[in-house]
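The values are calculated or read from the model by the stated rules, or taken from the named source; none is laboratory data. A quick note: this is a predicted structure, and the numbers were derived from the prediction, not measured. With ideal geometry, Cβ positions are generated from the backbone for all residues, glycine too; neighbour counts draw on all protein chains shown.
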Amino acid sequence: MTILDRRNPQVESISAFFPCYNDAKSITKMVEDVRSGLIRVVNDFEIIVVNDGSKDDSKSVLKELQERIPELRVIEHETNRGYGGALISGFTNSTKQWIFYTDGDAQYDATEILVCTDAVTVTTDVVQGFKIGRGDPFHRRVIGRVYHHLVKFLFRLPVRDTDCDFRLIRRSVMDDISLVSTSGVICVEMMHSLKRVGARFHEVGVSHHHRPHGRSQFFRLPAIVRSAIQLVGLWFRLVVGRR
């Protein structure tokens, strides 16, 4: 058995990226874990971290990581652009055939990129994760499910877990869409836009763990209000405006 024992001929190269905002305590593990998965499936890959104006030690941690992980590139945002802004930078700077991303807070297991690459067939454009369980407090699980069902109904989304940020996407279909949302509603915009251009989805179950460090930026009142406003604007732009 070789180290590339999970090679899929449909996956020739991968850009893997992480948005990072005050994730100094977890980003090293995420980068190391995704690299350990990538070397099993492709020879050609890059790892990108978008440091979105972090106020902790993320910048110095990433600088140290670059010194020992040659595949790592760091995109620095001098000021915080929001989750959507970080994702847009990640997609814009990705150069390979497939783009994988997940969050930098270690709630997902980045080695499970193997689950995504295994699922790719010649007709696959998006491998979308769904959480097997959810490592969050009860109130966040309830809010998360209400949010998912609401946006799934409003935007007619084709996936079972919209807010599962564990995705492998063919770069050619990302080139067909344009994303503008700067908050977490970018995931809704992305799924709706990919569906609109005819992207073909495959869904896989992935692990979801308790957040080991820090606090979620989404479940704070200013972020919730900002996201709600953007969600309403997104619905008018993508759904009402196209009728």
Listed by first then second residue, the pairs whose first member lies in segment 119-131 and is within 14 Å of VAL159 (Cβ to Cβ) and buried (at least 20 other Cβ atoms within 10 Å of the Cβ), whose partner is modelled with pLDDT under 95 and of a type outside the set (Lys, Arg), with beta carbons under 6 Å and at least 6 positions apart or on separate chains, are GLN128/VAL159; GLY129/CYS164; LYS131/ASP161; LYS131/CYS164; LYS131/HIS208
Which ones in segment 103-145 are at pLDDT below 95, of a type outside the set (Gly, Ala, Ser) and over 19 Å from ARG160 (Cβ atoms)? ASP105, PRO137, PHE138, HIS139
Is there a residue in segment 185-197 that is assigned to a loop (DSSP other than H, G, I, E, B) and either modelled with pLDDT of 90 or more or among the small types (Gly, Ala, Ser) (or both)? yes
For residues that are closer than 19 Å to LEU168 by Cβ and in contact (Cβ under 8 Å) with a residue 60 or more places away in the chain, scanning just segment 179-188, find the one that is nearest to the chain's Cα centre (by Cα). ILE186
Might you check whether a residue that is under 21 Å from VAL115 (Cα atoms), over 19 Å from the mean Cα position of the chain (by Cα) and acidic (Asp, Glu) occurs anywhere in segment 52-63? no
Single condition GLY85 does not satisfy, out of (1) under 19 Å from GLY37 (Cβ atoms); (2) under 14 Å from the mean Cα position of the chain (by Cα): (1)
Quick one: in segment 54-112, of everything that is free of Cβ contacts under 8 Å to residues at least 24 places away in the same chain and basic (Lys, Arg), which residue is nearest to LEU194 (Cα to Cα)? LYS59
Do we find that SER89 is farther than 23 Å from VAL120 by Cα, among the hydroxyl-bearing types (Ser, Thr, Tyr) and touching a Lys or Arg at 6+ places or on another chain (Cβ under 8 Å) in this structure? yes
Number of the exception - ASP44 against (1) closer than 16 Å to TYR108 by Cα; (2) surrounded by fewer than 22 Cβ atoms within 10 Å (Cβ to Cβ): (1)
Kindly provide the set of residues from segment 2-34 that are of a type in the set (Val, Ile, Thr) and modelled with pLDDT of 95 or more, ordered by number. VAL11, ILE14, ILE27, THR28, VAL31, VAL34
